[in-house]
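Beneath this line is the structure, given in structure tokens, with notes to follow.
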Amino acid sequence: MADRNWPALTLPALHASHSGCWLAAPDGKVRGLSRGEAIMSAAETPLLMLNAPLVASRLGYPELSGLDLLELFAFVHPARFMVPTPRGLAHALDLPEPASEDEVPLLLARAAAALFARCDADDWAEREGAWSVLQSLVRHRWPWAQLLLPHVKRPERAERWVFSKLPEWEERPARPQAAHTVLDGDAVADRLDALTGHGSEKREGQRDYARAAAHVFEPRRERGQPNMLLAEAGTGVGKTLGYLAPASLWSQQSGGTVWVSTYTKALQRQLRRESRRAWPDFGPNDEAARETPAVVVRKGRDNYLCLLNLEDALQGGGFTGRPAIFAQLVARWAAFTEDGDMVGGDLPGWLPTLFRKRGLAALTDRRGECVYAGCPHFRRCFIERAARDSAHADLVIANHALVMVHAARAQHREEGANARPARIVFDEGHHLFDAADSTFAAQLSGSEAIEMRRWVLGPETKAGQARSGRRRGLSARLADVASYDEVAGKAISDARDAAMLLPADGWLARIGESEPMGAIENLLAHVRRLTHARDESGSGEAGYGIETEAADLDGPFLEAAGEARDALARLRQPLMKLMARLDALIASGEDAPDWMDGQTRQRIEGARHAMSWRIDSLSAWEALLARMGGPADPDFVDWLAVDRAEAREFDIGLHRRWLDPMKPFAATVLEPAHGVMQTSATLCDRSAIAEGDAGREPDWARAVARSGAGHLGLSPKLAEAASPFDYAAQAEVLIVTDVPRGDIGALAAAYGRLIETSAGGVLGLFTAIRRLRAVHARIADRLARGGLPLYAQHVDPIDTGTLVDIFRDDPRASLLGTDALRDGVDVPGDSLRLVVMEQVPWAKPSILHRARRAAHVEQFDANRQAYDDAIVRARIAQAFGRLIRTKDDRGRFVVLSPAFPSRLLSAFPQGTPVHRLTLDDALQRLQGGVLCAGPATFEEEREA
């Protein structure tokens, strides 16, 4: 905006932080006030505020509400990025940044005036649809609605409904099979030069890495034997452009599709940006690119806005009060979004949290209830557009779980080559094992069973009857089939009867009161009984989840398991019969009934695929129960568990995991593929040490074993590109030896002093949420009074992605978090100067961990310590990787552990200085600013 001095809106404005509260009166006078006074003021009249849930958290008054600037911003500028802080708001609206917290209330008033002025402007880019949505928001009593009415002009012609604004996708012929081509190494290097920019510094490590990546794009020599590469690339190598160079060159020459898979949404966003260098015509405002995009981002169905769910919400559908306001703001966003991605896309991550996330799940397809071509919005569906575009894209950006599920479904349907990923780059490859572990797992729990019930029956009232509103449930989705085919109708009826015996709402309470209803609830009651009876850890009393092996089970348990298995079979059998009838109907050709047009056929095919997934789940549950009481299967690990959080049970279940999940991964993903690359900065363990620090070598044996290659008899090619950073000059490791383990007071004091000495810029990593919350509660207020804001996962009502955005935007802010912040967080520059790890991140001693450790010891003739150490070194290496992101970064890594084993120090890059010292000495080094010379080397520490 051109004018940076908007007059303040004549409304009172409230700002509350850990350091205090300030209120600006309508005349612009600002005064400090107590939390009690702030609560009373907010209760008396609507106040301007920024992020009402966060303000409520700061005041300790959960029901606080008011005129939230974030909601107004989401209405005026849907799908536009903004960091939800006073600083971020000022930057987004081109207003002067507040110099102190007592200036924030006036900023809020000026920001509101600026947003109103934007609505008055003739060049307001997001004007279309605003008037219609505002009328609905008036009816829902949105606090901003009446104030906005004078500023949003009524259009001369009636505005189109949001659904009619969205472009329709068109069916296209299948993409031809990729041509066989062999990439020339010099051509790959030239493409890399073009992507990095001609004249830029040539990094030989990156060039060697790119040439190595070309291997996976060579023609496959044997069926079931893909070209496979494991490539470790240290931080700063530039691996993204390193593999995009051969990928884009191969796609251009062959006409084929490359899939790049990540583990984190942050890397997906980075890939979207980087891919524009290789495909410069790809962009959200390019109409030609929208029709045939070169790059497509694919996620699971539950990430995208479901237009039918949105329509249901806008027309009532159980959305009243605040959820109804959220639905209207989502409708505003839907008209301007690039791809409809509600989780990690261009929907502001903070928007759902303003409504306590109510409504977000209801606006996505989280239960597999899609009616496909039966939906009136099918041709505009974001999910369907992404699926079709990906079949014609040069590059598909996905995540590990989606690639595995997509490959499994393509294999199950026996579809053509273009239906499954054939050339795949798995970035963040160190997470591939864990992703496969989750994808190919089976668990029969109360929450899973109740979801199955809802998929068959649809939403229910307390009386157990189908609820009116949008048609859901199996019988509603296939009503035309049931009326045409008597056998299919009977199968649907039988499936409904069987589903009525699955757990229903209130199942946990009934089990707790020893009044289970039905065979599955009865089994879960026995799971709970046996798990509590066998618990030796004391975790049950402490409020943590507990588990026990599924072995030596007593008679009542086995009897309950048999009855539960029979109940599941009674549901699976009619579903299989129904699927057979759908198959016959689809294959009927010219004999198909008159009502079965093209759209109906697609809807039935969609229902069949969803049913196949449910049948697979039921079969896996039955197999799990059949195992109870029988001989152990060496491929699997089975156990019983009661999940708890904050002393409250939230789920009970039986679990089955593959001992080696890369076995099904190899059969499902690797075997059909033609080329697969697994890459990461921490792909290998580095426990092997030769003479001196520089002799450290990667442990490729473990990396190969965890890649799945061995299950196909493959010997993958190996490549390594060392980080170009000078860690001896850019970083150092400080191991603090005098913070007693288990002393929360000492731990909090250490964090507080480290953050104060560093003047913010601290990323604190915890292994337990309870300790994180305790530390935050003890130091947040004091730090805030010193101008050092502290944010925390599991404390602040803000999603993780937005917390990272806030941290990145403010060099004086600090952030506390758990595992989600240890991987995939990219905060280059001065905003991250210090990483503090509260203790060694040992693996949880679970039943699954114990079984895999025993298998590893047997396979590699190793000891149990070696297995645990490799896991810890990988976690430490990932945490350290957050610190130095560019050649200009400087920083320190602090571990608050008096007994940090020297054998774990090889997790740090070679040459990194390591010091064992007291907290006071560590603070003195921080006060020195510049990294000190003459550090101890890793080898010296090891000898010590």
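Only the coordinates and a few stated rules stand behind these numbers; no lab work does. Because the structure is a prediction, the values reported are computed rather than measured. Cβ coordinates were reconstructed from backbone atoms using ideal geometry, including for glycine residues, and neighbour counts include every protein chain displayed.
Considering only L14, S41, A113, and ranking their Cα positions along the charge dipole of segment 13-150 that arises from unit charges at the beta-carbon of Lys, Arg, Asp and Glu, the one farthest toward the positive end is S41. Counting only DSSP H runs of at least 4 residues, each contributing -39500 (n - 2.57), and dividing by the residue count of the chain, the helix-based mean residue ellipticity at 222 nm comes to -13000 deg cm²/dmol. Efficiency by 1/(1 + (r/R0)^6): what FRET value for D809 and R276, r their Cβ-Cβ distance, R0 = 25 Å, to the nearest 0.05? Working from the Cβ atoms, E equals 0.65. Would you work out if the chain is rounded, prolate or oblate? Take a ≥ b ≥ c from the square roots of the eigenvalues of the alpha-carbon gyration tensor; rounded if a/c is under 1.5, else prolate when a/b is larger than b/c, oblate otherwise. Cα axes put the chain in the rounded bin. Here the calculated FRET efficiency for A533 and E513, from their Cβ-Cβ distance with R0 = 22 Å, stands at 0.75, rounded to the nearest 0.05.
Of all DSSP beta bridges confined to the chain, the antiparallel ones make up roughly 40%. Extending 7 Å from Cα along the Cβ direction at A587 and again at M500 yields two label points whose distance is 3.4 nm. For the pair L558 and A729, label points projected 7 Å from Cα toward Cβ lie 7.1 nm apart.
Computed extension length for A43-A768: 257.4 nm, one decimal, from 0.36 nm per residue of separation with the Cα-Cα distance subtracted.
Seen from G344, the other residues with C-beta closer than 10 Å to its C-beta sum to a net charge of 0, counting Lys and Arg as +1 and Asp and Glu as -1. Students often get this wrong: which residues of segment 787-803 have the backbone nitrogen under 16 Å from the point 7 angstrom along Cα-to-C-beta of A401? From segment 787-803, the list is 800-801.
Each peptide among 177-184, 113-120, 236-243 gets the average number of other Cβ atoms lying within 10 Å of its residues, and from highest to lowest they stand as 236-243, 113-120, 177-184. Between the residues P661, A780, T548, the greatest Cα displacement towards the positive end of the dipole of the chain, with unit charges on the Cβ of Lys, Arg, Asp and Glu, is found for A780.
Only lysines eight or more places from K887 in sequence, or on another chain, were considered; those with a Cα closer than 27 Å are K202, K239, K265.
Put a plus charge on the Cβ of each Lys and Arg, a minus charge on the Cβ of each Asp and Glu, and nothing anywhere else: the dipole of segment 13-150 about its Cα centre is then about 260 debye.
Remark: the R157-W131 segment gains 8.2 nm on full extension, using 0.36 nm per residue and subtracting the alpha carbon distance. Magnitude of the charge dipole for segment 727-943, about its Cα centre and with charges confined to Cβ atoms of Lys, Arg (+1) and Asp, Glu (-1), is about 440 debye.
Using a simple spin-label model with points 7 Å from Cα along the Cα→Cβ vector, what separation in nm is obtained for R864 and D743? So the label points at R864 and D743 sit 3.0 nm apart.
On a straight-distance basis, which lysines could pair with K663 in a cross-link, Cα separation under 25 angstrom, same-chain partners fewer than 8 positions away excluded? Cα-Cα hits under 25 Å: K299, K717, K844.
What full-extension length gain, to one decimal in nm, is calculated for K202 and D920 as 0.36 nm per residue of separation minus the Cα-Cα distance? Kindly include the intermediate steps, with their values, before the conclusion.
Values: separation 718, 0.36 × 718 = 258.48 nm, distance 4.29 nm.
254.2 nm is the gain from fully extending K202 to D920.
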